[in-house]
Amino acid sequence: QSDGNNILTPCSQFPYALKALPATLAAEWDSPSFASYRNAFPTEHSATPEAMIAHVRDLMSRDVKISYLKSLQGYLWESGYANGSLKAPLFPDVAPKILSWTRDDGIKVMIYSSGSVAAQKLLFRHTNTEPSDLTPHLTDYFDTVNAGPKMEAASYTKIAAAHADLAPASEWLFLSDNVKEVEAAKQAGMQSYVVERPGNAELSEEDRKKHRVIRNFDEL
């Protein structure tokens, strides 16, 4: 089981969301289809388009992961993926491994990300790999809404329980570049490794001694 948030290189979808937001709000602010996204924001930040734009910019500048922002980002990204403006760039080892695990080895691969489930599906449907759409090879998706915070052991327990028919938690493998997430998964009884990728936060010597560290999926 691999974390969609952590197997990806930095993607242009984040600045795209900011760029697309003003025009989207201008065109859809009073649209019934946009109401659920607008109303999910705190009242003080959804009173006007300008207030929402300022709040979104603030949250993204601080890398705040909160469900109503993630849902809005997914909504904005959908049009970008649909018109080809966005592609989700994967590290070269990722797609071949997902295909090998699922087609050849019968391993179930699931995604757990701070990004919404809707955004995850968009991302994995429009990758820069061949095939571009990897969603047929993914069994399930989890986010902070249907599973819980990524640094809490209870979230991983909930994920394993959702597929208790497949294997006990001890036979799950969770991969992440975040040491605290790895520790939470281990507390829930899962196996978990730290994935060290270019651009990640530097790992301490203590982290390296405490956890297995891999640099790509070919090391699994």
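Descriptive notes on the structure:
- If you check ALA118, ALA54 for being part of a helix (DSSP H, G or I) and crowded, with 16+ Cβ neighbours inside 10 Å, only one passes: ALA118.
- Filter result (under 21 Å from the mean Cα position of the chain (by Cα) and under 13 Å from VAL182 (Cβ atoms)) within the stretch 204-220: VAL213, ILE214
- Qualifying positions in the stretch 164-189 - touching a residue at least 60 places away in the same chain (Cβ under 8 Å) and either open to solvent by 30 Å² or more (accessible area, probe 1.4 Å) or out of contact with any Lys or Arg (no Cβ under 7 Å at 6 or more places or on another chain) (or both): TRP172, LEU173, PHE174, LEU175, SER176, ASP177, ASN178
- MET151 being touching a helix residue (DSSP H, G or I) at 6+ places or on another chain (Cβ under 7 Å) and open to solvent by 20 Å² or more (accessible area, probe 1.4 Å): yes
- Hits in the stretch 21-33 - residues which are among the acidic types (Asp, Glu), open to solvent by 60 Å² or more (accessible area, probe 1.4 Å) and assigned to a helix (DSSP H, G or I): none
- Residue within the stretch 99-106 that is within 28 Å of GLU219 (Cβ to Cβ), modelled with pLDDT of 95 or more and among the hydrophobic types (A, V, I, L, M, F, W, C) present: yes
- Of the residues making up the stretch 119-138, just one is among the β-branched types (Val, Ile, Thr) and in contact with an Asp or Glu (Cβ under 9 Å, 6 or more places away or on another chain), namely THR127.
- Qualifying residue in the stretch 61-68 (condition: farther than 22 Å from TYR141 by Cα and either exposed (fewer than 13 other Cβ atoms within 10 Å of the Cβ) or among the polar types (S, T, N, Q) (or both)): yes
- Given (1) crowded, with 21+ Cβ neighbours inside 10 Å; (2) at pLDDT below 95; (3) touching a helix residue (DSSP H, G or I) at 6+ places or on another chain (Cβ under 8 Å), number of the condition THR144 does not satisfy: (1)
- Residues satisfying the stated conditions in the stretch 34-44, i.e. closer than 18 Å to TYR75 by Cα, open to solvent by 40 Å² or more (accessible area, probe 1.4 Å) and part of a helix (DSSP H, G or I): SER36, TYR37, ARG38, ASN39
The values are calculated or read from the model by the stated rules, or taken from the named source; none is laboratory data. Computed from a prediction, not measured in an experiment: that's the story for all the values here. Here the Cβ is made from the backbone with ideal geometry for all residues, glycine too, and neighbour counts use every protein chain on show. Accessible surface is based on the protein model in full, side chains and every heavy atom, while ligands, DNA and RNA are left aside. Shrake-Rupley method; radii C 1.70, N 1.55, O 1.52, S 1.80 Å.
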